[in-house]
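Each value in this text was obtained by applying a stated rule to the coordinates, not by laboratory testing. Model, not experiment: these values are computed from the prediction. Heads up, the Cβs are rebuilt from the backbone with ideal geometry, glycines too, and the neighbour counts pull from every protein chain shown.
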Amino acid sequence: KNEVEQSPQNLTAQEGEFITINCSYSVGISALHWLQQHPGGGIVSLFMLSSGKKKHGRLIATINIQEKHSSLHITASHPRDSAVYICAVTGGGADGLTFGKGTHLIIQP
Amino acid sequence: GAVVSQHPSWVICKSGTSVKIECRSLDFQATTMFWYRQFPKQSLMLMATSNEGSKATYEQGVEKDKFLINHASLTLSTLTVTSAHPEDSSFYICSARDDASSGNTIYFGEGSWLTVV
């Protein structure tokens, strides 16, 4: 079974700062997802990666398959980015997603 | 974009009763849907994989007779929590895999908060 580790668990930053959230996993995967969970619980899928790098607006996600590591970056962070960011992987013998514990991000004005 | 609708968003039920949660893909077909549970301040955990037209596959530790899953069409999966108890109170969320995608495009429902009193 895949073990997914995220760091940091909690992150508080000032508006405008560059944010990095890290994710590592233990077993080879077919895809890695970055998800955003808001206080009400709803989840938005930000990225799905199997290699390389993806960019969407101020968000950038990278993955290094050899090192079993992914990062999520937020440029010019804003208070509305405050949420829990979750790394999840699929593959490695599992059909559904295996989730990290999430990173609770707070961006202060 | 693709949407997965989950209903109800909130439900309160009495201990011993059953509750049904629906997960519906609105503009795509999903042979495979997934049900997850999240207890407060814990990570999401996969409960079961729901496959249209066949029996669901349950994760270890999840009672299939308590959490009944029906996936009777390519756009609808239901989770029924039978004889609910307070310890079943949790956030339940479904996701659906888009059959038309290359394989791993997954969309999430909005989630359902269940409180058993």
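Along the stretch B:61-77 the Karplus relation, 6.51 cos²θ - 1.76 cosθ + 1.60 evaluated at θ = phi - 60°, assigns HN-Hα couplings of x, 9, 7, 5, 7, 8, 10, 7, 10, 10, 10, 7, 9, 6, 10, 9, 10 Hz to successive residues, with x for each Gly and Pro. Springs join every pair of Cα atoms under 10 Å in this Gaussian network model of chain B, and among B:Thr32, B:Thr17, B:Thr78 the largest mean-square fluctuation is at B:Thr17. Where the alpha-carbon atoms of chain A are placed on the principal axes, they occupy 43, 28, 20 Å, in descending order. Within 10 Å of the Cβ of each residue in B:30-41, the mean number of Cβ atoms contributed by other protein chains is 2.
Taking trypsin sites (Lys or Arg not before Pro) as exposed when DSSP calls them loop (any state but H, G, I, E, B) and at most 10 other Cβ atoms lie within 10 Å, what is the longest stretch of chain B free of them, the sites themselves excluded? Result for the longest clean stretch: B:42-117. Projection of the Cα convex hull of the protein assembly as shown, averaged over all directions and equal to a quarter of that hull's surface, yields 12.1 nm². Based on the Cβ-Cβ distance from B:Glu63 to B:Ser101, what FRET efficiency comes out when R0 is 25 Å, to the nearest 0.05? The calculated FRET efficiency here is 0.20. Counting neighbouring beta carbons within 10 Å and listing from fewest to most, the residues B:Met47, B:Met33 come out as B:Met47, B:Met33. With a threshold of 25 Å on the Cα-Cα distance, the over-threshold entries among A:Lys68/B:Lys64; A:Lys68/B:Lys66; A:Lys1/A:Lys68; B:Lys20/B:Lys64; A:Lys54/A:Lys101; A:Lys54/B:Lys55 are A:Lys68/B:Lys64; A:Lys68/B:Lys66; A:Lys54/B:Lys55. For chain B, B:Cys13 stand unpaired, since no other cysteine beta carbon lies under 4.7 Å from theirs.
With neighbour counts taken as other beta-carbon atoms within 10 Å, the residues A:Ile106, A:Ile21, A:Ile29 rank, fewest first, as A:Ile106, A:Ile21, A:Ile29. Less than 5 angstrom separates the built amide H of B:Ser89 from those of B:Val116, all sequence-distant by 5 or more or on a different chain.
Amide H contacts of A:Val27: A:Glu3, each under 5 Å away and 5 or more positions distant or on a separate chain (H built 1.01 Å from N in the peptide plane; Pro and chain starts excluded). Other protein chain C-beta atoms within 10 Å of residue C-beta, averaged over B:105-113: 4. Counting neighbouring beta carbons within 10 Å and listing from fewest to most, the residues A:Val27, B:Val19 come out as A:Val27, B:Val19. Along its three principal directions, the equivalent ellipsoid of chain B from the Cα gyration tensor extends over semi-axes of 23, 14, 13 Å, largest first.
Under a 5 Å amide H to amide H cut-off, with H placed in plane at 1.01 Å, what residues pair with B:Leu76 once short-range neighbours are removed? Distant-sequence amide H within range of B:Leu76: B:Ser25.
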